[in-house]
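Note sheet for the following structure.
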Amino acid sequence: MTSVLSTFEGTLIILAVALFMHEPFRWLGLYLGRNLSADSAIFTWVKAVSNAIVAALVMRLLLFPAGELAAVPLALRLVAFASGIGLYYASGRQMSVGVVGGAAVLVAGALLGK
Amino acid sequence: MTDPHQRPTRGMDGPRRGFRHGLLVSLTVPGLILAFSSAGFGALALDAGMSLGNAVFMMGIFFALPAQVVMMDQIARGGSVLGGALAVMLTGVRLLPMVVALMPLIRDERRIPWRQVLAVHAVAVTAWIEGMRRLPPLPEEQRLRHFLGIGTGLVLAALIGTAAGYVLAGTVPKIVSAVLLFLTPIYFFLSLLATSREAGDRVAVMAGALIGPVFYVLTPGLDLLLTGLIAGTLGHVAGRRWSGMWREDDDP
């Protein structure tokens with residue numbers, strides 16, 4: 001399959017879109033955040049908005065996944081996710097235990113379900 | 001997991017050590033998860049008919065997986081470049097509040113802020129979470145250097161991951177691919193729990209997780225932005241109320 005994505009023209013398109021339609025949001029944040037102090041009301045609001053955006057992204061990746069994760073039943077995905085959170089707290093907030101534990105539950109469930 | 005910046009500092013070489021310790025973050029769980037997620041992107045790129053060089057270039061110049069996947073998918077399906085670019089803008093807006101939130105932690109008083117311009121290129125979820133988590137305990141003058149190290153290490157991990165995923169795609173068992181795709185959401189969510197020490201942040205996370213899927217179904221494309229504004233404002237207001245209960249004289 002030959003696509004514009006594999007050509008030098010594709011490289012230029014990627015460069016242009018990144019520089020003109022993506023990176024400017026980072027520069028704008030730099031500019032707007034310049035005179036902000038870490039305990040101002042606007043800072044705590046912006047932090048809450050960013051947290052909510054990432055939380056929504058998490059649920060999108062979990063509930064409407066791409067690729068092979070979509071082949072794993074929704075119930076198993078949710079159980080593995082909840083197990084990861086439970087193991088995180090049970091281990092005294094060890095992030096690696098939660099991540100690896102959740103992944104292990106997913107693998108075990110998928111293998112048992114075969 | 002050892003925190004690189006918690007080692008005792010010796011002599012006058014603090015800032016340089018800050019950069020090198022930042023690099024090491026790429027070898028911790030978040031760095032590995034980013035590398036694996038990037039491998040997933042590499043595999044998608046092969047599937048979409050993209051060249052290896054363009055896939056690695058795109059990973060480096062965007063350094064934001066959702067935007068990359070959206071644009072690549074659009075072009076691979078024969079859609080217009082302009083449509084892809086608009087979708088890129090919609091996913092890119094979420095980086096703005098992240099940079100604003102990080103800014104007080106990476107101050108640089110020098111007149112030409114090229115270090116900050118470089119530093120914020122790394123701002124996507126992983127580097128943002130690690131920055132918000134690791135920078136506050138550091139002395140102020142070390143934070144920017146340390147974050148530049150974190151960013152450099154994570155970008156390198158992502159580039160290597162993309163190339164590896166592209167080359168190895170199709171050779172790993174399906175369950176391995178599924179687990180790779182599962183790592184990102186669980187790691188992101190646990191990081192949110194770890195960084196949300198204030199009540200308002202926790203309300204924002206829970207509300208975002210609950211209403212995010214609703215907006216994804218109702219207004220795909222605008223879902224992240226709308227969820228962020230609504231759930232974030234809700235959390236912010238709730239947080240103010242709670243702290244107001246303890247400090248009544250705070251009220252305007």
- Give the residue that is surrounded by the most Cβ atoms within 10 Å (Cβ to Cβ), with candidates limited to residues of the stretch B:181-200 that are over 17 Å from the mean Cα position of the chain (by Cα) and at the interface with chain A (Cβ under 8 Å from one of its Cβ atoms). B:200
- Looking at the stretch B:217-224, is at least one residue within 15 Å of the chain's Cα centre (by Cα), farther than 17 Å from residue A:44 by Cα, assigned to a helix (DSSP H, G or I) and of a type outside the set (D, E, K, R)? yes
- Sole miss for residue A:15 among (1) hydrophobic (A, V, I, L, M, F, W, C); (2) at the interface with chain B (Cβ under 7 Å from one of its Cβ atoms); (3) under 18 Å from the mean Cα position of the chain (by Cα) is condition (3)
- Message: Take residue B:135 and tell me if it is among the aliphatic types (A, V, I, L, M), touching a helix residue (DSSP H, G or I) at 6+ places or on another chain (Cβ under 6 Å) and under 23 Å from residue A:60 (Cα atoms).
- Response: no
- Message: Pairs needed: first member in the stretch B:50-76, at the interface with chain A (Cβ under 8 Å from one of its Cβ atoms); second member anywhere, outside any helix (DSSP H, G or I); C-beta distance under 6 Å; at least 6 residues apart or different chains.
- Response: B:64/B:124
- From A:10, A:33, grab the single residue that is at pLDDT 90 or above and buried (at least 20 other Cβ atoms within 10 Å of the Cβ). A:10
- Over the stretch A:72-93, the set of residues surrounded by fewer than 20 Cβ atoms within 10 Å (Cβ to Cβ), under 19 Å from the mean Cα position of the chain (by Cα) and either of a type in the set (Gly, Ala, Ser) or closer than 26 Å to residue B:235 by Cβ (or both) is A:78, A:82, A:85
- All conditions in (1) hydroxyl-bearing (Ser, Thr, Tyr); (2) surrounded by fewer than 19 Cβ atoms within 10 Å (Cβ to Cβ); (3) more than 8 Å from every other protein chain (Cβ to nearest Cβ) are true of residue B:233 except (3)
- Item | Of residues in the stretch B:123-133 being surrounded by 23 or more Cβ atoms within 10 Å (Cβ to Cβ) and touching a residue at least 40 places away in the same chain (Cβ under 8 Å), the one nearest to the other protein chains (Cβ to nearest Cβ) | B:125
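The values are calculated or read from the model by the stated rules, or taken from the named source; none is laboratory data. Everything quoted here is computed from the prediction, not taken from an experiment. Backbone-built Cβ (ideal geometry, glycine too); neighbour counts: all protein chains shown.
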